[in-house]
Each structure stands twice: as C-alpha cells, then as structure tokens.
C-alpha cells in the first residue's frame with residue numbers, strides 16, 4: 001500500500017494562538033518499502049504518523065494502517081494477550097467468529113515468538129514482549145502499513161537487537177510498508193535502506 005502526502009499543513013489551536021506543526025509537508029513511500037523518518041524530539045514526527053493513520057478529525061482510520069506507539073502499554077490490561085488480539089480481529093472483521101479469531105491470534109503470536117504467552121495478561125509481560133504483542137496485533141488484523149513511533153526507545157540494547165531482527169524478518173515476509181519514526185540515526189541505519197530527514201519533508205520546523 002502506497003503512502004503519499006503532498007503539501008500537508010497542520011495547525012493546533014492554543015491559548016496563545018495557532019501553532020503550525022506541519023508546514024507544506026510532502027512524503028511518498030511506495031508499497032513494501034521500509035523508510036525511517038528522523039528528527040529531533042518535538043518536531044512533529046508523531047503528528048505526521050497520526051495524520052497518516054487517520055487519527056486526525058478530518059480523516060477516517062483504516063484497518064489497513066496500524067500505528068505502534070512508543071509507550072509499551074498499548075494492550076488492554078484486563079484482557080489476556082490472546083484476547084487482545086482476538087478482540088482486534090473481530091472488531092476489524094465483523095463476520096469472523098471467536099474460534100477463527102483465536103486461530104488467527106495464535107498464528108500472529110507464533111510469528112513474533114509469543115505463542116506460549118497467549119493466556120498471559122499484559123502486566124505479566126516485559127516491555128519488549130508487550131511491544132512484540134502490539135506488533136502481533138497489527139499482523140493479526142492483516143494491516144498493510146505499519147507506522148511506528150519510536151517503539152523500541154524504552155528497551156535495553158539486547159532487547160532492541162531482538163526487536164530489530166524480528167521487525168526486519170516480518171517486513172520481508174509480509175511485504176509491509178513501514179514508516180519508522182526515530183531520533184536515533186544509528187537505529188535508522190540498522191533498520192531501513194532509506195532515511196528521510198524531517199527537515200527535508202517539512203517546510204518549516206516549529207520552534
């Protein structure tokens with residue numbers, strides 16, 4: 001699935017007036033490509049991802065696009081890992097039953113090495129496992145585009161390396177389109193063949 005933005009501007013209203021976060025921003029990512037977008041904290045990278053995901057009130061979210069956030073607590077704490085995935089599957093595929101949803105959830109968890117934790121609750125999982133669970137949920141609902149907002153920033157070095165290898169494996173196998181936001185150049189180099197600098201995409205960096 002291609003991603004294309006052309007001359008996008010986004011403003012927020014504050015007590016002191018308008019703040020322009022995106023200014024004439026353009027971005028094009030062909031289907032199946034893995035692109036890292038790099039820039040300093042607070043420059044508008046997350047706003048960019050949310051806009052693509054359809055979280056803006058002017059857009060409509062699509063099940064084909066899935067966003068994974070920096071915060072590892074993205075799973076419903078009152079549901080098991082398997083139930084989190086099954087719930088997402090049934091919400092995005094209205095005709096699917098519980099048994100079929102559970103099968104798809106198990107397949108996705110197996111893809112990320114978490115099948116043995118199907119009945120675990122989020123509080124029983126490590127931060128790295130929660131992020132892998134969020135990735136599994138994206139696979140379970142058969143998303144075509146992954147938007148990732150510094151998802152591994154809270155992980156230690158060893159867990160980051162595991163997460164990198166897993167993400168690259170899944171990207172190649174599933175032929176996903178991935179936009180990976182980070183402020184870490186070394187991380188961007190490890191993950192993607194193309195690195196885009198936010199300054200080049202955005203007409204103006206907010207101060």
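Using only Cα atoms, tell me the angle between helix 81-92 and the longest principal axis of the chain; keep it within 0 to 90° and round to the nearest 10.
Between the helix axis and the principal axis of the chain, the angle is about 60 degrees.
Compute the angle between helix 98-111 and the longest alpha-carbon principal axis of the chain, please, reported from 0 to 90 degrees and rounded to the nearest 10.
70 degrees
Under a point spin-label approximation (7 Å from Cα along Cα-to-Cβ), what is the residue 98-residue 31 distance to one decimal in nm?
3.7 nm
So for segment 60-133, averaging the separation of alpha carbon pairs under 8 Å that are six or more residues apart and normalising by length, what relative contact order in percent results?
Working: 71 pairs, mean separation 29.0, N = 74.
Taking the mean separation of contacting Cα pairs over the length of segment 60-133, I get 39 percent.
Using a Förster distance of 45 angstrom, determine the FRET efficiency expected from the C-beta separation of residue 174 and residue 13, and round it to 0.05. Walk me through the intermediate numbers first.
Numbers: r = 39 Å, r/R0 = 0.87.
Once the sixth-power term is evaluated, E becomes 0.70.
Would you mind checking the tilt of helix 127-140 against the longest principal axis of the Cα atoms of the chain, expressed as 0 to 90 degrees and rounded to 10?
90 degrees
Looking only at 111, 16, 64, which one moves most when the chain is put into a Gaussian network model with springs between Cα atoms under 10 Å?
16
Given the convex hull of the Cα atoms of segment 15-54, what is a quarter of its surface area in nm²?
Working: hull surface 16.2 nm².
Projected area, direction-averaged: 4.0 nm².
Using only DSSP helix segments of four residues or longer, with each worth -39500 (n - 2.57), what per-residue ellipticity at 222 nm results for the chain after dividing by its residue count and rounding to 500?
On the way: 7 runs with 78 residues, N = 207.
Per the formula, -11500 deg cm²/dmol.
Tell me the relative contact order for the chain as a rounded percent, counting alpha carbon contacts under 8 Å between residues six or more apart. Don't skip to the end; give the middle numbers.
Values: 366 pairs, mean separation 67.9, N = 207.
Relative CO of the chain lands at 33 percent.
Relative contact order of segment 12-120: what whole-number percent is it, with Cα pairs under 8 angstrom and at least 6 residues apart? Present the calculation step by step, with values, prior to reporting the outcome.
Values: 69 pairs, mean separation 17.3, N = 109.
Across segment 12-120, relative contact order equals 16 percent.
Where a number appears in this text, it was derived from the coordinates with a stated rule and is not lab data. Values in this document were obtained by computation on a predicted structure and should not be read as measured data. With ideal geometry, Cβ positions are generated from the backbone for all residues, glycine too; neighbour counts draw on all protein chains shown.
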